[in-house]
Amino acid sequence: MKKIVAGVGGVFIIICVAVVAWFFSSYNSLITQNETVSNKWAQVENNYQRRADLIPNLVNTVEGYSIHEEKIMQDFAAAQSQMLSAKTPTAKAQADSNLTGVLSRFMVVVQRYPELKADKQFTRLMDELAGTENRLSIARKDYDDAAQQYNIDIKRIPTNFIANINGFQPKEYFKAEAAAAKAPTVNFN
Amino acid sequence: MKIVKYVLLCVFILSVVTGCGSSANDKNKIALSSSPEYTTYVQDRANVLDGKTKEYLEKNSHELYQKQHVQITVFTIKSLNGADIKEYSNKLFRQLGIGDKDTNKGILILVAADDKKARIEVGYGLEGSLNDGKVGEILREKMFPSFKKKDYNQGIVNGYNALIEAINKEK
């Protein structure tokens, strides 16, 4: 009789220890994943900033070519100041999407100015813009991948139990967005 | 004896319950065949480079890595099979692990010969000396003129030298 009691007690203790160990390791893994997602988000923000920082250069270059497109230049200035004042992720994403819109319209306008298109400085700026957009789409994809892994883990049994009691919230995904600048420097035919 | 059995059972149940199998991330990989001919610095899979060029690239890349921990890899393929060259080159760059992990000073020169496309992928650590504008200029002015004439050897060497010059200028 005594032996059985001791046996049951021993098993109980072992289970308790195992559960506590599992709890800690799951919690820590969620924390790590949460941090990874934040890190990937920071990369996205870096690229938003980088893109906005290219705009003054672009405007300066364009102004050198007596181009009378006041409206679009004002739109650039507005989009850039919107990016500067944006504090939350949503506001930043919104500002960047506005900038994408202005850039697309700008690409159309530029077609009317062959001398500008031939300008070396301008071509380099276009390369930089296209490069930044490419980096942005990579950063977004990395963020989405990290967010997906995290979201799966906080919803799966039994980790969802730990996520719930510690208030881990699911992360939002990016919607695929079309790039404004086409990479000019790829084809050599 | 019984306790041991219980413990084993508990461990088994626990491992099944918590075993959140980590999914392999193979969907992002590019399938690459291996060959002793391919090295860290030169992988001429489209067979467009001659022995002299490969030797030149090999020797200089090795030296560059020894001296400055900058890794340049030249990679040629016949076709992207419809893939986007920007995505392809980024995947390849990560898959090959070009450049040391902590400094990220790596460069991938990718040429898709039949598609007539080329791209230079630059790691974070070199973006200061090689921004997208500079890289675009090297492609347009140093490499594409030779590529158009199907002279891949000259085009690669010209671009390669221009990249090294830009890196050295920044120091």
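Among the numbered conditions (1) open to solvent by less than 60 Å² (accessible area, probe 1.4 Å); (2) within 10 Å of another protein chain (Cβ to nearest Cβ), the only one that A:Lys3 does not meet is (1). B:Tyr124 meets the conditions (1) within 14 Å of chain A (Cβ to nearest Cβ); (2) buried (at least 16 other Cβ atoms within 10 Å of the Cβ); (3) of a type in the set (Phe, Trp, Tyr) in every case but one. The failed one is (2).
Of the strands (runs of 3 or more DSSP E) lying entirely inside region B:62-171, not one is found with 3 or more residues being of a type in the set (Lys, Arg).
When you look at A:Ala95, is it more than 14 Å from chain B (Cβ to nearest Cβ) and either more than 28 Å from A:Lys171 (Cβ to Cβ) or without any contact (Cβ under 8 Å) to a residue 24 or more places away in the chain (or both), yes or no? Against the criterion (more than 14 Å from chain B (Cβ to nearest Cβ) and either more than 28 Å from A:Lys171 (Cβ to Cβ) or without any contact (Cβ under 8 Å) to a residue 24 or more places away in the chain (or both)), A:Ala95 does not qualify. Applying a threshold of 6 Å to beta carbon distances and a minimum spacing of six or more residues, or different chains, the list of pairs starting in region A:132-156 at a residue that is within 11 Å of chain B (Cβ to nearest Cβ) and ending at one that is open to solvent by less than 30 Å² (accessible area, probe 1.4 Å) and outside any helix (DSSP H, G or I) reads A:Glu133/A:Ala181.
Residue-by-condition table, conditions (1) among the aliphatic types (A, V, I, L, M); (2) closer than 24 Å to A:Thr132 by Cα; (3) open to solvent by less than 20 Å² (accessible area, probe 1.4 Å); (4) more than 14 Å from chain A (Cβ to nearest Cβ):
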{"position": "B:Asn60", "(1), (2), (3), (4)": "no, no, no, yes"}
{"position": "B:Ile77", "(1), (2), (3), (4)": "yes, no, yes, yes"}
{"position": "B:Lys86", "(1), (2), (3), (4)": "no, yes, no, no"}
{"position": "B:Arg94", "(1), (2), (3), (4)": "no, yes, no, no"}
{"position": "B:Ala113", "(1), (2), (3), (4)": "yes, no, yes, no"}
{"position": "B:Glu137", "(1), (2), (3), (4)": "no, yes, no, no"}
{"position": "B:Tyr152", "(1), (2), (3), (4)": "no, no, yes, no"}
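Checked against (1) surrounded by 18 or more Cβ atoms within 10 Å (Cβ to Cβ); (2) at pLDDT 95 or above; (3) not in a loop (DSSP other than H, G, I, E, B), B:Leu49 passes all but a single condition, namely (3). Taking region A:1-55 as the range and being of a type in the set (Gly, Ala, Ser), within 24 Å of A:Thr132 (Cα to Cα) and modelled with pLDDT under 90 as the test, only A:Ala52 passes. Checking each residue in region A:159-173 for being open to solvent by 40 Å² or more (accessible area, probe 1.4 Å) and either away from chain B (no Cβ under 12 Å) or assigned to a loop (DSSP other than H, G, I, E, B) (or both) picks out A:Asn164, A:Ile165, A:Asn166, A:Gly167, A:Gln169, A:Pro170, A:Lys171, A:Glu172, A:Tyr173.
Going through (1) touching a Ser or Thr at 6+ places or on another chain (Cβ under 7 Å); (2) acidic (Asp, Glu); (3) away from chain A (no Cβ under 13 Å) one by one, B:Asp102 falls short only on (1). Among the residues of region A:54-68, write down those that are over 18 Å from A:Ala118 (Cβ atoms) and out of contact with any Ser or Thr (no Cβ under 9 Å at 6 or more places or on another chain). Result: A:Ile55, A:Pro56, A:Val59, A:His68.
The values are calculated or read from the model by the stated rules, or taken from the named source; none is laboratory data. What you are looking at is a predicted structure, and each value in this text was computed from that prediction instead of being measured. Quick reminder, even Gly has a Cβ in these numbers, built from the backbone with ideal geometry, and neighbours come from all protein chains shown. For the accessible areas, the whole protein counts, side chains as well, though only heavy atoms, and no ligand, DNA or RNA atoms are used. Shrake-Rupley method; radii C 1.70, N 1.55, O 1.52, S 1.80 Å.
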